[in-house]
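**Student:** Provided herewith is a single structure, encoded as structure tokens, for subsequent inquiry.
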């Protein structure tokens, strides 16, 4: 669900000649992570039950959001203007 935003963020920070490879690697990592997450979640549901697995998944999601915000926050404080992080036409 966050793929469009992450892809725009990636494309705005990668040189034009590297965008194809960066996009391919991005989707490769997303798909591998999704496959692993499905397998681990399925095994965890049968072993631990839904409440514990969903609680851990929500904590992992919150931690990921927090660390992503820290990463973007550092870029904003380093003098990179907000306009660079917004969606703009890819040329």
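The values are calculated or read from the model by the stated rules, or taken from the named source; none is laboratory data. Keep in mind the model is a prediction, meaning the values are calculated, not measured. Every residue, glycine as well, gets a Cβ built from its backbone with ideal geometry; the counts of neighbours run over all protein chains shown.
**Student:** Might you check whether a residue that is at pLDDT below 70 and either more than 25 Å from residue 20 (Cα to Cα) or surrounded by 12 or more Cβ atoms within 10 Å (Cβ to Cβ) (or both) occurs anywhere in the range 63-75? Spell out how you get there, then give the answer.
**Tutor:** Filtering the range 63-75 for residues at pLDDT below 70 gives 74-75.
Then keep just the ones that are either more than 25 Å from residue 20 (Cα to Cα) or surrounded by 12 or more Cβ atoms within 10 Å (Cβ to Cβ) (or both); that gives 74-75.
Yes, because at least one residue in the range 63-75 is at pLDDT below 70 and either more than 25 Å from residue 20 (Cα to Cα) or surrounded by 12 or more Cβ atoms within 10 Å (Cβ to Cβ) (or both).
**Student:** Which residue is surrounded by the fewest Cβ atoms within 10 Å (Cβ to Cβ), if the candidates are limited to the range 13-34 and must be in a helix (DSSP H, G or I) and over 15 Å from the mean Cα position of the chain (by Cα)?
**Tutor:** The first filter runs over the range 13-34 and keeps only residues in a helix (DSSP H, G or I), leaving 16-34.
Still in the list and also over 15 Å from the mean Cα position of the chain (by Cα): 16-21.
Numbers: 16: 9, 17: 7, 18: 11, 19: 14, 20: 10, 21: 10.
Among residues in the range 13-34 that are in a helix (DSSP H, G or I) and over 15 Å from the mean Cα position of the chain (by Cα), the one surrounded by the fewest Cβ atoms within 10 Å (Cβ to Cβ) is 17.
**Student:** Under 6 Å between Cβ atoms, at least 6 apart or on separate chains: pull out the pairs that start in the range 1-30 with a residue that is within 19 Å of residue 65 (Cα to Cα) and end on any residue that is in a loop (DSSP other than H, G, I, E, B).
**Tutor:** So the pair list comes out as 8/87.
**Student:** Still on this structure, I have one more. Please determine, by comparing only the residues of the range 76-91 that are part of a loop (DSSP other than H, G, I, E, B) and within 18 Å of the chain's Cα centre (by Cα), which one is modelled with the lowest pLDDT. It would help to see each step written out before you state the result.
**Tutor:** Start the filter on the range 76-91 by keeping residues that are part of a loop (DSSP other than H, G, I, E, B), which leaves 78-81, 86-91.
From the residues that got through so far, the ones that are within 18 Å of the chain's Cα centre (by Cα) too are 86-87.
Numbers: 86: 51, 87: 54.
Step by step, filter the range 76-91, then rank; the result is 86.
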